[in-house]
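One structure below.
No value in this document is a laboratory result; all are computed from the given coordinates. Since the model is a prediction, treat every value here as computed from it, not as a measurement. Positions of Cβ are backbone-derived with ideal geometry, glycine not excepted, and every protein chain shown enters the neighbour counts.
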Amino acid sequence: MLSEPAELDPYKNLVDLVGHTGGARVERLLAMIPDLTAKPYVLEGRAGVNLYWGHEEPVAWVGAHHDIDPWTPQGALDNTAALAILVSMILSGRIPANVGVAFWDGEEPGGGGGADGSSVHAAEIAEAGAGGGRVPPVVVLDVLGRGRLMMAGNWNGLEFLREMGDGSGSNPLELVPVTPPSDHVAFLANGVPSALLVAMPRLGNGYLDYSHWDILHSDRDNIGMASPTDMRQQMASLHAFLVRVATHEVTQPGRRVVSEDVQMQAAEKIKSIRPSPKTNLPTDEEWREMIKVRDKPRPSGREG
């Protein structure tokens, strides 16, 4: 049996991408994906670059942040695996034709951001819909690579489901009761319907393994934590979910699925994680040096 070309295998794309961070990762994504467009931005004095692909006026978006925490040498699960899956889906034609793809910068607070790139994109979507036009929902991917693809039940997840299709709230993905905030809060704060999808492993007793979150923003978030089999299953689940979202009434003009309470909660969350505009942030070179120090072997007999 012939194996899939390397660029169509999400795990092989993950192995490729973990070797690139910062500007090098942006350049690598631009080289991997035909017709990918780079759009630089400056938000509160912090510069970044978002990347966009696909339909110019999509009925829905799917995206993931391309930056990693500076203390994480690889960031395999957070968030390189999501990028690798989206790359494979684009190259294999598994993104619905009316769905756009975004790669956002500046999500990680540790990197001096706070949902920066997604906030820029959210403001653009909200402005375009201010005249009564279509406001496309945004599916946000964060922390994939290990476990099954699931939807965050908090952060407006249930409201998002109730507006899908027949309004029954039926969902092809299992719900995770509680997850950390991600780029979806930027869209919710701007009144744009958004759902967060994550991957969660299970313990031997069948319960969700919440210790999974403990490896994030540490050197344990490396390529060894990702599963090639899980990533292929996550890609298949995501494709089915996007096909459904792209055909739902949630994408129609005049539908309001983000309550004012959720908008305010999301806006407050962004404020809590975003640095002050006056904060002196490290340069890319300083971040690389910090990562090198972090990645050095620890002295024997010490932990942490």
Those residues of the range 132-150 whose amide nitrogen sits under 17 Å from the label point placed on Ile223, 7 Å along Cα→Cβ: 145-146
Interchain or long-range residues, amide H under 5 Å from Val138's placed H: Trp61, Ser194, Ala195
Loop-located chymotrypsin sites (Phe, Trp or Tyr not before Pro) in the range 1-100, at most 15 other Cβ atoms within 10 Å (DSSP): none
Segment His20-Lys39, extension gain: residue separation times 0.36 nm, minus the distance between their alpha carbons: 4.9 nm
Per-residue ³J(HN,Hα) for the range 84-96, Karplus 6.51 cos²θ - 1.76 cosθ + 1.60, θ = phi - 60°, Hz, x for Gly and Pro: 4, 5, 5, 4, 4, 5, 5, 5, 9, x, 9, 8, x
Net lengthening on full extension, Glu57/Leu203 (0.36 nm per residue, minus Cα-Cα): 48.4 nm
Descending Cα extents along the principal axes, the range 61-105, whole Å: 37, 17, 11
